[in-house]
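Encoded as structure tokens, the structure appears first; notes follow it.
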Amino acid sequence: MDNKILISAEDNNLRLDRVIRARLPALKQSQLEKFVRQGKIRLDAKKVKAGVRVHSGQQIELKFDIHSFLLDTVGIKTKVNESITLDSERRKALRLIESWKVEETPEWLAINKPSGIAVQGGTSTKNHIDRILKEAFGDERPRLVHRIDKDTSGVLLLAKSENSARYLTRYFREQTIEKTYLAFCIGKTKKSGKISEPIIKSMLKRNERMAVDRNNGLAAISLFERLYYGKGISMVCLRPLTGRTHQLRVHMEYFGTPILGDGKYAGRKAHPNSEFSRKMHLHSHFLSLPDGHRIMAKVPEHMQLAANIIGAIIPKNNQFFHDV
């Protein structure tokens, strides 16, 4: 088996071993380093070290039989009855993907990712989009080319070929794909504006989070436009012009109007009224490709409920930020 991993913009400048472990948590660090030394893991067809930094557009080659490795390492069995179970899991995964599908072309698949499910796995994350895609499509699964936070819902674009993965990754890296989010924020935001506040990763009470830091942070720019205000809640459209982790959540909290339901950044203030769901009210509503094609993902029930409570109407057309 010869599997390939295309480095996305979100993985840019991460260590090679970290990228691989995120996708193969069963692969121990010692075994991973051994495979790298043996040339069974390569970067752009070249032997490298496990700690090398990867860059978007590069390709990792896993030149070993992953199935056999899993059999030996984690004891996956292949009895007939287990094959039936695996087939049942595949059908379930296919039904899930189909229920989330928004639009599809020969080059890409767009799904409406639900709130509460991560895009990729990690040490403590077993249920994630990449795993479901693997269960549904096997090694020919659509490829991830960008990410959305676990608790954020909305448009997730998946590449259906190696070629489309390359150009979509480049579009996201060059920010020629426009993402417009819908959010419900606590308090009354200004009518519209641009937030230019640098962001950095910090530790607060042993919890890792992002924070505004004008001295050491990385440039982060977000646009906002208030669509409606009622009952102490603003319905806003947001557009990130940079791709920092948790950027929209950090920016809105920094200016005193945190996103409804965002306990990580707003704490107890995230839930001002029992009428509203305790879920995050942030949704990737529209995604516009460089050719002008627009994709829209329907808002989840808890955000439609919030709109009903404050008397707002969810926008169905992306008529925002024309002057940008």
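Can you tell me which residue within segment 106-153, out of those that are more than 19 Å from His246 (Cα to Cα) and basic (Lys, Arg), is surrounded by the fewest Cβ atoms within 10 Å (Cβ to Cβ)? Ranking the qualifying residues of segment 106-153, first place goes to Lys126. Considering every residue within segment 256-271, establish whether at least one is closer than 13 Å to Leu182 by Cβ and among the aromatic types (Phe, Trp, Tyr). Taking every residue of segment 256-271 in turn, none turns out to be closer than 13 Å to Leu182 by Cβ and among the aromatic types (Phe, Trp, Tyr). Counting the residues of segment 213-235 that are surrounded by fewer than 18 Cβ atoms within 10 Å (Cβ to Cβ) and under 21 Å from the mean Cα position of the chain (by Cα) gives 3.
Counting only residues that are of a type outside the set (A, V, I, L, M, F, W, C), crowded, with 22+ Cβ neighbours inside 10 Å and part of a loop (DSSP other than H, G, I, E, B), segment 280-311 holds 1 of them.
Looking across segment 138-195, the residues that are within 23 Å of Leu248 (Cβ to Cβ) and of a type in the set (Ser, Thr, Tyr) come down to Thr152, Ser153, Thr169, Tyr171, Thr176, Thr180, Tyr181, Thr189, Ser192. The residue of segment 250-308 that is farthest from Ser222 (Cα to Cα), among those that are of a type in the set (Phe, Trp, Tyr) and under 19 Å from the mean Cα position of the chain (by Cα), is Tyr265.
Screening Lys201 against (1) surrounded by 22 or more Cβ atoms within 10 Å (Cβ to Cβ); (2) more than 21 Å from Phe286 (Cα to Cα); (3) of a type outside the set (A, V, I, L, M) leaves a single unmet condition, (1).
Keeping to segment 172-188, report how many residues are out of contact with any strand residue (DSSP E or B) (no Cβ under 8 Å at 6 or more places or on another chain), touching a residue at least 24 places away in the same chain (Cβ under 8 Å) and surrounded by fewer than 19 Cβ atoms within 10 Å (Cβ to Cβ).
Just the residues of segment 172-188 that are out of contact with any strand residue (DSSP E or B) (no Cβ under 8 Å at 6 or more places or on another chain), to begin with: 172-176.
Now narrow it down to the ones that are touching a residue at least 24 places away in the same chain (Cβ under 8 Å): 172-173, 175-176.
Adding the requirement that they be surrounded by fewer than 19 Cβ atoms within 10 Å (Cβ to Cβ) leaves 175-176.
Result for segment 172-188: 2.
Just one of the numbered conditions (1) at pLDDT 95 or above; (2) within 18 Å of Phe255 (Cα to Cα); (3) out of contact with any strand residue (DSSP E or B) (no Cβ under 9 Å at 6 or more places or on another chain) is not true of Gly230: (2).
Scan segment 127-154 residue by residue and report those that are in a loop (DSSP other than H, G, I, E, B) and in contact (Cβ under 8 Å) with a residue 24 or more places away in the chain. Break it down into steps so the answer makes sense when it comes.
Restricting attention to segment 127-154, the residues satisfying the condition of being in a loop (DSSP other than H, G, I, E, B) are 127, 141-142, 145-152.
Answer for segment 127-154, where residues must be in a loop (DSSP other than H, G, I, E, B) and in contact (Cβ under 8 Å) with a residue 24 or more places away in the chain: Pro142, Val145, His146, Arg147, Ile148, Asp149, Lys150, Asp151, Thr152.
Regarding segment 261-269, can at least one residue be identified that is among the acidic types (Asp, Glu) and within 16 Å of Ser115 (Cβ to Cβ)? Yes, segment 261-269 contains a residue that is among the acidic types (Asp, Glu) and within 16 Å of Ser115 (Cβ to Cβ).
Of the residues making up segment 161-178, none is among the aromatic types (Phe, Trp, Tyr) and closer than 30 Å to Glu275 by Cβ.
Restricted to segment 154-167, and to residues that are under 16 Å from the mean Cα position of the chain (by Cα) and either within 16 Å of Glu103 (Cα to Cα) or among the basic types (Lys, Arg) (or both), which residue is surrounded by the most Cβ atoms within 10 Å (Cβ to Cβ)?
Step one: list which residues in segment 154-167 are under 16 Å from the mean Cα position of the chain (by Cα), which gives 154-159, 165.
Filter again for either within 16 Å of Glu103 (Cα to Cα) or among the basic types (Lys, Arg) (or both), leaving 154-159.
On the way: Gly154: 29, Val155: 24, Leu156: 24, Leu157: 25, Leu158: 22, Ala159: 22.
Here the answer is Gly154.
The values are calculated or read from the model by the stated rules, or taken from the named source; none is laboratory data. Just so we're clear, the structure is a prediction, and the values are computed from it rather than from any experiment. Glycine also receives a Cβ, built like all others from the backbone with ideal geometry; neighbour counts cover every protein chain displayed.
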